[in-house]
Structure formats: structure tokens, C-alpha cells
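Okay, structure first, notes after.
The values are calculated or read from the model by the stated rules, or taken from the named source; none is laboratory data. Keep in mind that this is a model prediction, so the values were computed, not measured. Because the Cβ atoms are built from the backbone with ideal geometry, glycine has one as well, and the counts that use them run over all protein chains shown.
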Amino acid sequence: MIPQLAGLLKPRDIKPETTYDVILKAYLENKIDELPEDQQKMLERWKKADSLLRSGELVKKGNNEITRPYNISRLTDYLVSHYKVSVRTARADIAHAKRFFLSTYDRDEKEYARGVMIEWGEELFFEARSMGDYKAAAAIFKTLSEIKGIYNDDPDLPDYSKIQIPQLVIVDDPSELGFEKVENVEEVVASILAKRKKNKLDKLIESTEIIEPEDGDGD
């Protein structure tokens, strides 16, 4: 489940202009069952793609089985084979899955990979600790702390969910806002412009240096 973005991402903030927006809005409102069947199947594919990206692929290497991250090509092949969709649809599903399940973070490829690495690192940490390999657990713990940015100073940012955006009011008649109404607008504007022009001329005259002619010898 994707929590709402720090209290900022609310269903009313989403304009259902695309299929992605419609699904996201229904997801946040817990109304997935009300979506058309094709959109419900689309979300199902997104969930599967996200799950495989996070859990990885179990492969055999020599006598051992290891889990490695899914690359896009292999994941595309899986979606095409499992859901009987086109390659184009499968790749779009992968892109939407990354975007959809990254709604609590900055929607960026690097941040998505960072989130996956944290999940994998935590699993490795608990596995190493349960096996008594405390040296490996300590190394993993240190790496996890660096990935999570625990050692970094957090910027002093405001709580954006509590910021009240001022409502701007534009009116033709300033008296509606309590200001004195100007009857002869054109004359007032002309007067202000004339005054500004005069002030500029006065400053120009004041800054002008008058050079007196020198007395010369007559011929």
C-alpha cells in the first residue's frame, strides 16, 4: 500500500485526466473494486511488476541458487508471457509500477532503486544476524545507515501540509477592498508619469557638471 504523500497527496488533489490518475485516485479512496475490469487488471500487473523488482529473480549459479535483481528485459518477458500482453504494454506497466509505488518518494529512478536496496539490505542484515555472523551484520547495518542518510543533517524544512496558501483577489474597483476609489484614473496616471519624468530630469540636471569657459589671450 502507498501512504499518502506526507499528508499532502489526497484524492481531491488528483485530477483524473489519465488512466494512471484514475487508478491512483481510486486506490487512495479504497475504491479499486469500482474500477472497470481492464483498469483493475492493469493495477494487478503494476503490483506484480513492483513485487518482482523488489524481490528479485531466483537463478541457479553453479551449485547455488542466488537472488538477483530483475532487469527490464527479463521482467518484460515475464509480463508478456504471464499476462499475454504486448511488449509495449509490458514496458508501460513497468514504468507505471515504478511511478505508482513511488508516490511516497520523489518519483525518480534513483530513489526507487534506493528503496529496493534498503529492503534487500534489511533482509540481509536480519539473515546475517540470525546466522551469528555479526561482523557481516555490522557491515550491512553501516551501509544501510548510509543509504538511508541517517548520518546526514536533515534540512530545516517547513511542514508543507500546514501551509495555508493565501487567496488572491483581483478586482476592477479598489473600493471593494477598502481603498479609495479613483474616479479620474487616466488623469492620475498621467500625473504620476509626469512627476516621475520631472524627477528624472531634475536628477539629470543636478548630476550635470557645468564647465565654465576659460579666459584666453586675445589675438
Quiz item: Going through the range 12-70 one residue at a time, which ones are free of Cβ contacts under 8 Å to residues at least 12 places away in the same chain, among the polar types (S, T, N, Q) and part of a helix (DSSP H, G or I)?
Solution: GLN40, SER51
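Yes/no matrix, rows are residues, columns are (1) in contact with a Ser or Thr (Cβ under 7 Å, 6 or more places away or on another chain); (2) modelled with pLDDT under 90:
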position: ALA26; (1), (2): no, yes
position: LEU53; (1), (2): no, yes
position: GLU65; (1), (2): no, yes
position: TYR70; (1), (2): no, yes
position: SER81; (1), (2): no, no
position: VAL87; (1), (2): yes, no
Quiz item: Taking the stated definitions as given, is LYS98 part of a helix (DSSP H, G or I) and either at pLDDT 85 or above or in the same structural domain as GLU127 (by TED's automatic domain parsing) (or both)?
Solution: no
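Table: residues versus (1) under 18 Å from ILE23 (Cβ atoms); (2) of a type in the set (Asp, Glu); (3) at pLDDT 75 or above.
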| residue | (1), (2), (3) |
| --- | --- |
| THR76 | no, no, yes |
| ASP108 | no, yes, no |
| PHE126 | no, no, yes |
| ASP133 | no, yes, yes |
Quiz item: Would it be correct to say that ALA49 is at pLDDT 75 or above and either surrounded by 14 or more Cβ atoms within 10 Å (Cβ to Cβ) or over 18 Å from HIS96 (Cβ atoms) (or both)?
Solution: yes
Exercise. Identify the single condition in (1) within 30 Å of SER145 (Cβ to Cβ); (2) at pLDDT below 90 that LYS60 does not satisfy, given that it satisfies every other one.
Key: (1)
